[in-house]
Amino acid sequence: MSLSKESSLLSNLNDAQQEPVLHRDGPLIVIAGAGSGKTRVLTYRIANLMKHGVDSFSILALTFTNKAAREMKARISEIVGEGEAKNLWMGTFHSIFARILRQEADKLGFPRDFTIYDTQDSGRLIASIIKEMGLDKDIYKFKQIRTRISAFKNSLITVKAYFNDPDLQEADAISRRPKIGEIYKQYVERCFKAGAMDFDDLLLRTNELLNMHPPVLAKYQDQFKYILVDEYQDTNHSQYLIVRALSDKFQNICVVGDDAQSIYGFRGANISNILNFQKDYDDVKLYRLEQNYRSTKNIVNAANSIINHNKNKIDKLVWTSNTDGSKIKVQRCLTDADEGREVASSIFEIKMHEQRLNKEFAVLYRTNAQSRAIEDALRKRDIPYRVYGGLSFYQRKEIKDLLAYLRLIVNPNDEESLKRIINYPARGIGQSTLDKLIIGAKNNDLSLFDTIKNSSKLNLSLNRGVLGKLLDFSDFILSLQIENQKFNAFEIADLVTKKTGLVLELKKDGTPEGVSKVENVEELLNGIHDFVEGQKEISDASGSLSEFLEDIALATDFDNNKNDDIDCVYLMTVHLSKGLEFPIVYIVGLEEDLFPSALSLNTRNELEEERRLFYVALTRAMEKAVITYTLSRYRWGKLVDAEPSRFIEEMDKKYLDFTVPISDYVFKPILDKEIFGGFESPKTKNIPLKGGGKVNTMPSQKQLGKLRKINSNEMASTVSIDKQIAELQEGMNVEHSRFGNGKVLRIEGKGNDKKALIDFDSNGKKNLLLRFAKLKIK
DNA sequence: TCATTGGGCTTTTTT
DNA sequence: AGCCCAATGA
């Protein structure tokens, strides 16, 4: 290879980045601060290996999302050429090892076409096991059990290991759920019989494969001479063991990560994997990337000031030579709807002033439920947006229903799919029949589908009519299986849709939701069509149904959307935003019990993870960051008081720009009552209101806590209410902070509902709720 | 067996 | 406020 190529490869890297790229053999760890070019290092390291003759088939790169893998592959293609990059083993743990597991399925007693159960499928199966065992579903909550089983699997605690561990059994007995082990056992058996693996199985079974079959382990050890793991801080124990096993022979292992961005503890990620890496291998080289290329000084420094509140961390100093940029705006809002409006109008304004594109903006939130208020506001402003995550396309009911048919054709033992569609559309096979079938399946050690096929011979105390319907159903599926031999995925899906009348079923309901469901099904069919067309270009692919199902089993919203270029504002959870960057970022809902989540306040570790989460959110921003919080928000259908997040308090104030003066910020509980309680409380109604009644002494944080508990009646006498608003009359001239000057045309309503119709000079007529409108009488 | 209704529960975060 | 499930009646 030529020297000039080598130097051009390196010319895109700073010194710190070059070192790990040029490191050839032996273990290395790269601690990479946010925005320090971590992906770039991985990309160039792989390219560099390939340039020095390492076969692309022997490089395994594990990323956190499939999207990250795709992008990295594309960048490597640009450096070394597409032909070679295509052969890299690059993808998420789940997708890479699903692929290997299919190859080796027979060794584990699974069909090659095993089904992958998503979270919903596992939950349903667990719920049904709990019910069949006659357990109280209020004590055995299926979601909790599912989480617990998942935790077992991620720690490599098999059913056998569970029953060998008295401590675990005792812990479950103490929590009044002694049957967890039994549920776990049945769940694993049922999955096995159904030829299905859940997400955790993809890792657990890989461990099983590598441990129990030394020749298989040797084969993959030999194949993967170089292994790279991105986002190593988010690997769990099961993933850790896979990496260890595979890298054991050559020890050419490179892990990249940032302990400060570890945010997946809840699904078993173990931060000590990255903290202990140097103990796991001999002669580990450690590299640090501390220069941030992404964000302004204000953002980097504010982020540092927040993460410094964590005790548990590797010391590093992230710095930048970028400009100062503007300060981080901290915006107070009244309600979640108001928060949406503030965000939307801010986006609108910046777009106008700075000629920005929609896709330069991102709105990040802690929980998916928060997207709604933002969406409403953006829609009103005609700002295009796209919500990522949440209920993904493939999780929608109408989509899962059609997919269930398809899954059943490929794997008739797939119990969850069968239960889903055996009576959808209705064909007279109800719950009681299904219960009998499940018992029959258990007694005869058959899969559910085989039980149905043989139902007439099995003495299941079913009447003749039902037996006929069952036979019709199994014949239907069997006939589709035969069709599947000759047709591609699209042809089969189309056939299923027509024969089952699935779309007709949806069309007859006629509601807007029904219409959108029909559209979704059509979109799925289009997607399958595209998939089949795409497969035609791949030499060893056929466009079969099982290929399609493999392809989508692990797909997320991020993956299947080819329209990356559409110009929309991004809406997503902070978790989903990891690894991404945007010029302007809004982080909304910075309130106690929301961010940090109320469920994460029990231990220091949980709180520190929330803080890292906020750190991740803030470090997504390149140029501008805006943080918002509300005084009250709709939760569980009720308007609930909110309190600014401790994370706002924790940031160094010199990087912040408060829209509400800091002193008001401290008085927040009082203002809170002023706005929402003041007018209507019985005592205040007839009391002459006094203006300007600000409390003069500064309450301490402790007192603030107490103040919040005082009800509005007691508060009334000290509350400051703008008397000018109370005295507002028709015909008066007023000033509004956003709409400018105007004239009051009409006043209507009382107390909290008092409204004024105001004609603004430059904004036209608006009907404003007085308790929200910050009006000044002129 | 099916369709409707009301009650309870929900909100972390995801491969 | 919305979703899922169980109970209820047809």
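The values are calculated or read from the model by the stated rules, or taken from the named source; none is laboratory data. Note that the coordinates shown come from a computational prediction; the quantities given were computed from them, not determined experimentally. Cβ: placed from backbone, ideal geometry, glycine included. Neighbour counts: every protein chain shown. Side chains are part of the model used for accessible areas, which takes the heavy atoms of the whole protein and leaves out ligands, DNA and RNA. Shrake-Rupley method; radii C 1.70, N 1.55, O 1.52, S 1.80 Å.
Evaluating A:LYS67 against the criteria (1) more than 27 Å from the chain's Cα centre (by Cα); (2) touching a residue at least 24 places away in the same chain (Cβ under 8 Å) leaves one unmet condition, (1). Against the conditions (1) buried (at least 16 other Cβ atoms within 10 Å of the Cβ); (2) near DNA strand B (Cβ under 9 Å from one of its atoms); (3) more than 21 Å from A:ARG70 (Cα to Cα), A:THR630 satisfies every one except (2). Take segment A:567-593 and flag every residue that is open to solvent by 10 Å² or more (accessible area, probe 1.4 Å) and within 17 Å of the chain's Cα centre (by Cα). Within segment A:567-593, A:TYR570, A:THR573, A:HIS575, A:LEU576, A:LYS578, A:GLY579, A:LEU580, A:GLU581 qualify. Of the residues making up segment A:131-151, those that are in a helix (DSSP H, G or I) and either under 22 Å from the mean Cα position of the chain (by Cα) or within 11 Å of DNA strand B (Cβ to nearest atom) (or both) are A:PHE142, A:LYS143, A:GLN144, A:ILE145, A:ARG146, A:THR147, A:ARG148, A:ILE149, A:SER150, A:ALA151.
Do we have any residue at all in segment A:433-440 that's more than 15 Å from DNA strand B (Cβ to nearest atom), modelled with pLDDT of 85 or more and not small (Gly, Ala, Ser)? No, segment A:433-440 contains no residue that is more than 15 Å from DNA strand B (Cβ to nearest atom), modelled with pLDDT of 85 or more and not small (Gly, Ala, Ser). Would you mind stating whether A:VAL318 is closer than 29 Å to A:ILE31 by Cβ, surrounded by 21 or more Cβ atoms within 10 Å (Cβ to Cβ) and either among the small types (Gly, Ala, Ser) or touching a Phe, Trp or Tyr at 6+ places or on another chain (Cβ under 9 Å) (or both)? It is false that A:VAL318 is closer than 29 Å to A:ILE31 by Cβ, surrounded by 21 or more Cβ atoms within 10 Å (Cβ to Cβ) and either among the small types (Gly, Ala, Ser) or touching a Phe, Trp or Tyr at 6+ places or on another chain (Cβ under 9 Å) (or both). Name the pairs whose Cβ atoms lie under 7 Å apart, with the first residue in segment A:122-139 and over 16 Å from A:LEU448 (Cβ atoms), the second within 11 Å of DNA strand C (Cβ to nearest atom) and outside any helix (DSSP H, G or I), and 6 or more positions between them or separate chains? Listed pairs, sorted by first residue: A:ILE130/A:LYS137. Can you tell me which residue among A:LEU210, A:LEU204, A:LEU217 is at pLDDT 95 or above and within 14 Å of DNA strand B (Cβ to nearest atom)? The conditions single out A:LEU204.
May I ask you to list the residues in segment A:609-645 that are more than 16 Å from DNA strand C (Cβ to nearest atom), of a type outside the set (Gly, Ala, Ser) and more than 19 Å from the chain's Cα centre (by Cα)? Those that are more than 16 Å from DNA strand C (Cβ to nearest atom), of a type outside the set (Gly, Ala, Ser) and more than 19 Å from the chain's Cα centre (by Cα): A:MET622, A:GLU623, A:LYS624, A:VAL626, A:ILE627, A:THR628, A:TYR629, A:THR630, A:LEU631, A:ASP641, A:GLU643, A:PRO644.
Of the residues making up segment A:230-265, those that are assigned to a helix (DSSP H, G or I), open to solvent by 10 Å² or more (accessible area, probe 1.4 Å) and without any contact (Cβ under 8 Å) to a residue 60 or more places away in the chain are A:TYR240, A:ARG244, A:ALA245. Just so you know, in segment A:379-392 the residues that are away from DNA strand B (no atom under 12 Å from the Cβ) and within 25 Å of A:THR65 (Cβ to Cβ) include one that is nearest to the chain's Cα centre (by Cα), and it is A:ARG386.
Of the residues making up segment A:119-130, those that are away from DNA strand B (no atom under 16 Å from the Cβ) and not β-branched (Val, Ile, Thr) number 1.
Considering only residues that are in contact with a Leu (Cβ under 7 Å, 6 or more places away or on another chain) and open to solvent by less than 60 Å² (accessible area, probe 1.4 Å), look in segment A:512-558 and name the one that is modelled with the lowest pLDDT.
A:GLY514
Does A:ALA377 fit the bill of being within 28 Å of A:MET133 (Cα to Cα), open to solvent by less than 20 Å² (accessible area, probe 1.4 Å) and either part of a helix (DSSP H, G or I) or aromatic (Phe, Trp, Tyr) (or both)?
The answer is no for A:ALA377.
In the set (1) hydrophobic (A, V, I, L, M, F, W, C); (2) surrounded by 22 or more Cβ atoms within 10 Å (Cβ to Cβ); (3) outside any strand (DSSP E or B), A:VAL330 fails one condition alone, (3). From the list A:ASN411, A:ASN454, the one residue that fits, being open to solvent by less than 40 Å² (accessible area, probe 1.4 Å), more than 13 Å from DNA strand B (Cβ to nearest atom) and out of contact with any helix residue (DSSP H, G or I) (no Cβ under 7 Å at 6 or more places or on another chain), is A:ASN411. The criterion of at least 3 residues that are farther than 20 Å from A:ASN308 by Cα, touching a Ser or Thr at 6+ places or on another chain (Cβ under 7 Å) and of a type outside the set (Lys, Arg) is met by the following strands (runs of 3 or more DSSP E) wholly inside segment A:544-651: A:621-630, A:638-641.
How many residues does segment A:90-119 hold that are within 16 Å of DNA strand C (Cβ to nearest atom) and over 25 Å from A:GLU231 (Cβ atoms)? Steps first, answer last, please.
Filtering segment A:90-119 for residues within 16 Å of DNA strand C (Cβ to nearest atom) gives A:117-119.
After this cut, where a residue has to be over 25 Å from A:GLU231 (Cβ atoms) as well, the list is none.
Counting residues in segment A:90-119 that are within 16 Å of DNA strand C (Cβ to nearest atom) and over 25 Å from A:GLU231 (Cβ atoms) gives 0.
Listed by position, the helices (runs of 4 or more DSSP H) inside segment A:423-527 whose residues that are more than 27 Å from A:LYS131 (Cα to Cα) number at least 1 are A:464-486, A:489-500, A:502-507.
Against the definition (surrounded by fewer than 18 Cβ atoms within 10 Å (Cβ to Cβ) and either more than 17 Å from A:ARG332 (Cβ to Cβ) or free of Cβ contacts under 8 Å to residues at least 60 places away in the same chain (or both)), how does A:ARG620 come out, yes or no? Criteria not met by A:ARG620. Has segment A:189-197 got any residue that is open to solvent by less than 10 Å² (accessible area, probe 1.4 Å), in contact with a strand residue (DSSP E or B) (Cβ under 7 Å, 6 or more places away or on another chain) and part of a helix (DSSP H, G or I)? Yes, there is a match, as at least one residue in segment A:189-197 is open to solvent by less than 10 Å² (accessible area, probe 1.4 Å), in contact with a strand residue (DSSP E or B) (Cβ under 7 Å, 6 or more places away or on another chain) and part of a helix (DSSP H, G or I).
If a residue must be open to solvent by less than 30 Å² (accessible area, probe 1.4 Å), more than 16 Å from DNA strand B (Cβ to nearest atom) and farther than 11 Å from A:PHE595 by Cβ, how many such residues does segment A:633-660 contain? Lay out the reasoning, then the answer.
As a first pass, look at segment A:633-660 and keep what is open to solvent by less than 30 Å² (accessible area, probe 1.4 Å): A:633, A:642, A:644-645, A:647-648, A:651, A:656, A:660.
Remaining after also requiring more than 16 Å from DNA strand B (Cβ to nearest atom): A:644, A:648, A:651, A:656, A:660.
Within this subset, residues satisfying the condition of being farther than 11 Å from A:PHE595 by Cβ are A:651, A:656, A:660.
Count: 3.
Is one or more of the residues making up segment A:381-402 more than 16 Å from DNA strand C (Cβ to nearest atom), part of a helix (DSSP H, G or I) and surrounded by fewer than 20 Cβ atoms within 10 Å (Cβ to Cβ)? No.
For segment A:583-625, what are the residues that are β-branched (Val, Ile, Thr) and under 20 Å from A:TYR264 (Cα atoms)? Break it down into steps so the answer makes sense when it comes.
Here is the first cut: in segment A:583-625, the residues β-branched (Val, Ile, Thr) are A:584-585, A:587-588, A:603, A:616, A:619.
The answer is A:ILE587, A:THR603, A:VAL616, A:THR619.
Among the residues of segment A:351-369, write down those that are open to solvent by 20 Å² or more (accessible area, probe 1.4 Å), in a helix (DSSP H, G or I) and either in contact (Cβ under 8 Å) with a residue 60 or more places away in the chain or within 16 Å of DNA strand B (Cβ to nearest atom) (or both). Listed by number, the residues that qualify are A:LYS359, A:GLU360, A:ASN368, A:ALA369.
Take the conditions away from DNA strand C (no atom under 16 Å from the Cβ) and open to solvent by 50 Å² or more (accessible area, probe 1.4 Å) and apply them to A:GLU208. Does it pass?
Values: away from DNA strand C (no atom under 16 Å from the Cβ): yes; open to solvent by 50 Å² or more (accessible area, probe 1.4 Å): yes.
Yes: the conditions hold for A:GLU208.
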